[in-house]
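For reference, the structure is listed below as structure tokens.
Values in this text are rule-based calculations from the coordinates and carry no lab data. Because the structure is a prediction, the values reported are computed rather than measured. A quick note on method: Cβ atoms are made from the backbone with ideal geometry, for glycine too, and the neighbour counts reach across all protein chains shown.
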Amino acid sequence: MGIEPFKIAAALVGVVAQRLIRTVCQSCKTFSYPSRELLETIHYTGDHRRSFVRGEGCPKCHDTGFVGRTGIYEVMVVDREIRELIAKSSGTDEIRDCYRRAGGRTLLDQGIRLAEKEQTSLDEVMRVAYFE
């Protein structure tokens, strides 16, 4: 957009990313065990032997396995360290790493949390929030 990085750094207070994620139909939900490869792909740190929900499909959900949606959010507050990175034109990877080191939770983290609460499936989390 042609704006100098120091001007962005001075004006930016925070950044919000959001996505809608489908929620599993409670009428046809079942439990499944994801593959080790899937759990490693999303860097899952919980119990790899646990089950997660998924929808089988039924008349209530029109055979989709999902009814409704909910939001997942990533909120990055621009602190002094991030402001300095922006001012010196650091790349997005460096800014994202700084955010994560400071305890920031990503869209993927939020999606996994919803999957652990049995509100959505891991496949849906991958579809909506997994970015390589």
Residue count for segment 37-63, restricted to those that are part of a helix (DSSP H, G or I), farther than 17 Å from Y130 by Cα and touching a residue at least 24 places away in the same chain (Cβ under 8 Å)
2
Of the numbered conditions (1) under 30 Å from A9 (Cβ atoms); (2) out of contact with any Phe, Trp or Tyr (no Cβ under 6 Å at 6 or more places or on another chain); (3) surrounded by 12 or more Cβ atoms within 10 Å (Cβ to Cβ); (4) hydrophobic (A, V, I, L, M, F, W, C), F131 satisfies every one except a single condition; which is it?
(3)
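Give me the residue from segment 11-21 that is farther than 16 Å from V125 by Cβ and within 17 Å of the chain's Cα centre (by Cα) and, out of that set, surrounded by the fewest Cβ atoms within 10 Å (Cβ to Cβ).
Across segment 11-21, the extreme among qualifying residues is V16.
Quick one: in segment 22-57, of everything that is of a type in the set (F, W, Y) and surrounded by 18 or more Cβ atoms within 10 Å (Cβ to Cβ), which residue is nearest to L107 (Cα to Cα)? Talk me through it step by step, then tell me what you get.
Kept after step one, since they are of a type in the set (F, W, Y), are these residues of segment 22-57: 31, 33, 44, 52.
Those still in the list that are surrounded by 18 or more Cβ atoms within 10 Å (Cβ to Cβ) too: 44, 52.
Details: Y44: 14, F52: 18 Å.
Per the criteria, the residue is Y44.
Confirm whether S51 is hydroxyl-bearing (S, T, Y) and touching a Pro at 6+ places or on another chain (Cβ under 6 Å).
Judged against the criteria, S51 is not a match.
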The one condition R113 fails out of (1) crowded, with 19+ Cβ neighbours inside 10 Å; (2) charged (D, E, K, R); (3) within 11 Å of the chain's Cα centre (by Cα) is (1)
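Just one of I82, I72 is surrounded by 11 or more Cβ atoms within 10 Å (Cβ to Cβ) and touching a residue at least 24 places away in the same chain (Cβ under 8 Å); which is it?
On the way: I82 fails: touching a residue at least 24 places away in the same chain (Cβ under 8 Å).
Answer to the selection: I72.
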